[in-house]
1. Which of (1) in contact with a strand residue (DSSP E or B) (Cβ under 9 Å, 6 or more places away or on another chain); (2) modelled with pLDDT of 85 or more; (3) not polar (S, T, N, Q) does I80 not meet, given it meets every other one?
2. Given the residues G174, G158, which is the only one that is without any contact (Cβ under 8 Å) to a residue 60 or more places away in the chain and under 30 Å from K24 (Cα atoms)?
3. Among (1) within 19 Å of the chain's Cα centre (by Cα); (2) charged (D, E, K, R); (3) modelled with pLDDT under 95, where does K172 come up short?
4. Of everything in segment 5-57, what is of a type in the set (F, W, Y) and either touching a helix residue (DSSP H, G or I) at 6+ places or on another chain (Cβ under 6 Å) or within 28 Å of Q124 (Cβ to Cβ) (or both)? Give them in sequence order.
5. Tell me yes or no: at least one residue of segment 5-21 is under 19 Å from F114 (Cβ atoms), at pLDDT below 95 and not hydroxyl-bearing (S, T, Y).
6. Out of segment 121-134, which residues are among the hydrophobic types (A, V, I, L, M, F, W, C) and outside any helix (DSSP H, G or I)?
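The values are calculated or read from the model by the stated rules, or taken from the named source; none is laboratory data. These numbers come from a predicted model, not from an experiment. Cβ atoms come from the backbone with ideal geometry, glycine included; neighbour counts cover every protein chain shown.
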Amino acid sequence: MAEYSKFGYEIFFKVRPVFKKLLKINVEGIENIPLEGGCIIASNHRSNLDPFVLNTVSTRPIFFMAKEELFKIPVLGWIIKKAGAIPVKRNKRDIAALKKAAQLLKEGYCIGIFPEGHRAKPKQFRKPQSGVGLLVAKTKVPVIPVRIEGTDDVFPVGSSFPKLFKYPISVKIGKPIIIDNIEGKEYQEISNYIMEKIKTL
C-alpha cells in the first residue's frame, strides 16, 4: 500500500486549478494518462518544480521517486512523504527503492520517474540512467513519456521562489509506450529508448 495522504490529494486536486493559472501551465495529451492500473510517468527534469507541475496537471496522483536528502528538509520532507514519494539513494542503484516502486506499480499506482536522475541544464537533456529501464523490464507496465518546458525559467536552479506570471510552462504528454520483446534487452537500452521518445514530444 502506498504511504500517502488520500485526503491531502483530495484537497490538492480541488485547489490545483489555481496553481495551474498561477504557473501559466499549458498541457497537451492529458488523455494519454490511464485512469487506472499501474503505469510509469517518465519526464525530462530541469527544475525542482517539475514534480509539482506534473501532479498539478495529472488526472491521478503520481508518486515520485525522490532523492533521500529531500526527506530531511523541514516541512518539505513531511509534504513529499505525505505525497507518497519514494526515497532514493543517489549515485548508486537503490534496489530497495526500485523494489518498492515495482510493488506499487503491481498494486495499480502511478509512479513518476525522471530518467536523467539529476536536473539538466536549461534547455538541455542529460543521458538517462538505467533505473527506469530496470523498472520497466521487471514490471512491463506502460510508460507515459512527458516533456516539460519552461520550469527552468520559472524556478531555475538557485532560486528561492518561483517567478510567477512571467514565463509559461508547457507539458506535453505522449501516448503510452509498450516495450515489445523486452526479454533480453539491456536496461540502459530501454532507458535510452524512453528518453528519445521524451525528446521528440
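1. (2)
2. Working: G174 fails: without any contact (Cβ under 8 Å) to a residue 60 or more places away in the chain.
Step by step, each of G174, G158 is checked, and only G158 is without any contact (Cβ under 8 Å) to a residue 60 or more places away in the chain and under 30 Å from K24 (Cα atoms).
3. So K172 meets the others, but not (3).
4. Pass one, segment 5-57, residues of a type in the set (F, W, Y): 7, 9, 12-13, 19, 52.
Matches in segment 5-57: F19, F52.
5. First pass over segment 5-21, keeping only residues under 19 Å from F114 (Cβ atoms): none.
Looking for residues that are under 19 Å from F114 (Cβ atoms), at pLDDT below 95 and not hydroxyl-bearing (S, T, Y), one finds none in segment 5-21, hence no.
6. In the first step, residues of segment 121-134 are kept if they are among the hydrophobic types (A, V, I, L, M, F, W, C); the result is 125, 132, 134.
The answer is F125, and nothing else.
Residue-wise test of (1) among the hydrophobic types (A, V, I, L, M, F, W, C); (2) modelled with pLDDT of 90 or more; (3) within 23 Å of L49 (Cβ to Cβ); (4) under 15 Å from the mean Cα position of the chain (by Cα).
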{"site": "L104", "(1), (2), (3), (4)": "yes, yes, no, yes"}
{"site": "I111", "(1), (2), (3), (4)": "yes, yes, yes, yes"}
{"site": "G150", "(1), (2), (3), (4)": "no, yes, yes, no"}
{"site": "E183", "(1), (2), (3), (4)": "no, no, no, no"}
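One line per residue, one yes/no per condition, for (1) under 22 Å from F64 (Cβ atoms); (2) assigned to a loop (DSSP other than H, G, I, E, B); (3) touching a helix residue (DSSP H, G or I) at 6+ places or on another chain (Cβ under 6 Å):
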| position | (1), (2), (3) |
| --- | --- |
| V136 | yes, no, yes |
| P145 | yes, no, yes |
| V157 | yes, yes, no |
| K163 | no, yes, yes |
| K175 | yes, yes, yes |
